[in-house]
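Written below as structure tokens is the structure these notes are about.
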Amino acid sequence: MRKLRALAAAKCVSVSVLLVIFCANTANAGGYDTGQRDWDFLFQQDGFAVESEVRYIHPDRRLTNITGVFGPSADVSEASPFTIGRASATMKFGDMLRCMGSYREPWGGHAEYGKNWTYTGSATEQHFSSEDYGLTCAVSMAMEKGQISLIGGYSWQKIRYELDQFYAVGPGLTATTRVEDSSNAWRLGLAYEIPEYALRASLIWNSAVDYDMTGTVINPAIPFAGPVAGKITMPQSVEAKFQSGVAPGWLAFGAVKWTDWSVADNMPLCSTALPFACTQPFAVSGLTLLFKDSWTITLGAAHQFTEKFSLAGSLTWDQGATQGFTSQTDTWTAGLTAVLTPAKGVEFKLGGTAGIMTSGSLSTMTLPGGIPNPVGYTASFGNDFVYSLNGSAVFRF
């Protein structure tokens, strides 16, 4: 959310816009990033304000030409829709300090393969979810025509990973993995604003987050049933954003983000009874990603048509994080958001995105360390359609 101002004749024209950056789900481009590690609501200028948003995400990634250890398989839809939410509350303390309390779901994805394909022993369903409860503050001081702000924040963050598998042996054997952990996240940044021109430039670093995952694995096919543990790091990121009024009632904006996805390579899960560190040869379950670092670039513009209606459009390229083990290829999406202001201090936003996840292929035949995957397979996929819908409300006091 942005409070945008562009000069119109001798007075300012107010514009509000939500910058929508789309990421799909477990088959998305930027790993498991939902695009919600953003702190733009901190910059609103009212004494107190609250926002809430719900986003529905619908990818359509379909795997074809599947073959592997157990031979060919029927095609399968890898991804399924899911919903994420967010909320923020911001307060100003004089002209020097602004703080925001926030709830985010920064990491998420869902894949539902079902039991109608050959490689159910790899997965029938996977789910990755997160919660982030944060406090972010900006300390500002005047500089030339505007003000410069030092930004800092802390979050308590929790993630969960769930995996269901099915082994078609005899009556069939079902395996489940359930692990989770909580940890701490940090962010630092700088911003420069000239409200008169709706100009703001910001640079914010979000820290990496280390997790010691614990939970249970029940897999009668191994057989194993008991407590497990493993480690995973969710990546750091650096994002630069810029916006400026360019004409009466018009604003242009853009963003460039780098995410260190290569740290999220593998999460082997081993029995807690092991007297040594968990490594792939001793894993009874886990999550293998083998991601690479990725970039996300967004360009867009917003226009205020009346005092009660504004419209914003954007185009985003999200570089694929996959190196061939998963289907997170490049994504191109276009976004459109309508901003309605029916009364003073009240805003409603309705919008969405639509785009294409680019084609490619994957192979899970080899696990980290060169270990053959006992349920490995190869597959290809075409250019798949993805879309999202979102609605939000903002109240200012």
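The values are calculated or read from the model by the stated rules, or taken from the named source; none is laboratory data. Here the structure is a predicted model, which is why all the values come from computation and not from measurement. Here the Cβ is made from the backbone with ideal geometry for all residues, glycine too, and neighbour counts use every protein chain on show.
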Residues in region 349-359: is at least one touching an Asp or Glu at 6+ places or on another chain (Cβ under 7 Å) and farther than 27 Å from Phe291 by Cβ?
no
Conditions: (1) buried (at least 19 other Cβ atoms within 10 Å of the Cβ); (2) more than 17 Å from Ser327 (Cα to Cα); (3) not aromatic (Phe, Trp, Tyr). Leu97 meets all but one. Number of the miss?
(1)
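Test Thr326 against the criterion of being crowded, with 17+ Cβ neighbours inside 10 Å and either in contact with a helix residue (DSSP H, G or I) (Cβ under 7 Å, 6 or more places away or on another chain) or among the polar types (S, T, N, Q) (or both), and give yes or no.
For Thr326, the condition - crowded, with 17+ Cβ neighbours inside 10 Å and either in contact with a helix residue (DSSP H, G or I) (Cβ under 7 Å, 6 or more places away or on another chain) or among the polar types (S, T, N, Q) (or both) - is met.
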Would you pick out the residues in region 283-304 that are free of Cβ contacts under 8 Å to residues at least 40 places away in the same chain and of a type outside the set (D, E, K, R)?
Trp295
Going through region 263-304 one residue at a time, which ones are assigned to a strand (DSSP E or B) and among the hydroxyl-bearing types (Ser, Thr, Tyr)?
Ser271, Ser285, Thr288, Ser294, Thr296, Thr298
Output the residue which, of all residues in region 40-77 that are in a loop (DSSP other than H, G, I, E, B) and of a type in the set (S, T, N, Q), is farthest from Leu362 (Cα to Cα).
Gln45
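Go through the residues of region 361-373 one by one and say whether even a single one is more than 20 Å from Asn266 (Cβ to Cβ) and either touching a residue at least 60 places away in the same chain (Cβ under 8 Å) or out of contact with any Gly (no Cβ under 7 Å at 6 or more places or on another chain) (or both). Break it down into steps so the answer makes sense when it comes.
To start, the set of residues in region 361-373 that are more than 20 Å from Asn266 (Cβ to Cβ) comprises 361.
Subsequent filtering for residues that are either touching a residue at least 60 places away in the same chain (Cβ under 8 Å) or out of contact with any Gly (no Cβ under 7 Å at 6 or more places or on another chain) (or both) retains 361.
Checked region 361-373: at least one residue is more than 20 Å from Asn266 (Cβ to Cβ) and either touching a residue at least 60 places away in the same chain (Cβ under 8 Å) or out of contact with any Gly (no Cβ under 7 Å at 6 or more places or on another chain) (or both).
Okay, residues lined up against (1) in contact with a helix residue (DSSP H, G or I) (Cβ under 7 Å, 6 or more places away or on another chain); (2) at positive phi; (3) surrounded by 15 or more Cβ atoms within 10 Å (Cβ to Cβ):
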site	(1), (2), (3)
Thr306	no, no, no
Asp318	no, no, yes
Gly335	no, no, yes
Gly370	no, yes, no
Asp384	no, no, yes
Looking at Thr136, Thr118, Thr176, Thr124, can you tell me which residue is under 25 Å from Tyr56 (Cα atoms) and among the β-branched types (Val, Ile, Thr)?
Thr124
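Say we look at region 100-129 and pick out the residues that are closer than 24 Å to Gln157 by Cβ and without any contact (Cβ under 8 Å) to a residue 40 or more places away in the chain; which of these is surrounded by the fewest Cβ atoms within 10 Å (Cβ to Cβ)?
Going residue by residue through region 100-129, those that are closer than 24 Å to Gln157 by Cβ are 100-111, 125-129.
Subsequent filtering for residues that are without any contact (Cβ under 8 Å) to a residue 40 or more places away in the chain retains 101, 103, 125, 127, 129.
Numbers: Gly101: 14, Tyr103: 16, Glu125: 18, His127: 19, Ser129: 19.
That would be Gly101.
For region 146-170, give me each residue that is in contact with a Ser or Thr (Cβ under 9 Å, 6 or more places away or on another chain) and either among the aliphatic types (A, V, I, L, M) or on the phi > 0 side of the Ramachandran plot (or both).
First, the residues of region 146-170 that are in contact with a Ser or Thr (Cβ under 9 Å, 6 or more places away or on another chain): 147-168.
Across region 146-170, the qualifying residues are Ile148, Leu150, Ile151, Ile159, Leu163, Ala168.
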With the first residue restricted to region 242-254 and required to be farther than 21 Å from Ile297 by Cα and of a type outside the set (Ser, Thr, Tyr), and the second required to be assigned to a loop (DSSP other than H, G, I, E, B) and modelled with pLDDT of 95 or more, Cβ contacts under 9 Å at 6 or more apart or on different chains are none
In region 204-223, how many residues are hydrophobic (A, V, I, L, M, F, W, C) and over 30 Å from Phe43 (Cα atoms)?
5
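If a residue has to be in a loop (DSSP other than H, G, I, E, B) and within 30 Å of Met365 (Cβ to Cβ) to count, how many in region 305-346 make the cut? I'd like the intermediate steps shown before the answer.
As a first pass, look at region 305-346 and keep what is in a loop (DSSP other than H, G, I, E, B): 307-308, 319-330, 344-345.
Next, from what is left, pick out any that are within 30 Å of Met365 (Cβ to Cβ): 319-330.
The number of residues fulfilling the criteria is 12.
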Subset of region 363-386, residues in a loop (DSSP other than H, G, I, E, B) and under 24 Å from the mean Cα position of the chain (by Cα), comes to Thr364, Gly382, Asn383
Those residues of region 179-209 which are over 30 Å from Leu97 (Cα atoms) and surrounded by fewer than 20 Cβ atoms within 10 Å (Cβ to Cβ) amount to Glu180
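Of a type outside the set (Lys, Arg), modelled with pLDDT of 95 or more, assigned to a strand (DSSP E or B) and over 27 Å from Asp260 (Cβ atoms) - does that describe any residue in region 11-28? Break it down into steps so the answer makes sense when it comes.
Step one: list which residues in region 11-28 are of a type outside the set (Lys, Arg), which gives 12-28.
Now narrow it down to the ones that are modelled with pLDDT of 95 or more: none.
No - not one qualifying residue is present in region 11-28.
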Condition set charged (D, E, K, R), assigned to a strand (DSSP E or B) and crowded, with 16+ Cβ neighbours inside 10 Å, scope region 219-262, selection farthest from the chain's Cα centre (by Cα): answer is Lys241
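Give Glu144, Glu180 a once-over and let me know the one that is among the charged types (D, E, K, R), touching a strand residue (DSSP E or B) at 6+ places or on another chain (Cβ under 9 Å) and at pLDDT below 95. Don't jump to the end; show me each part of the working.
Details: Glu180 fails: at pLDDT below 95.
The match here is Glu144.
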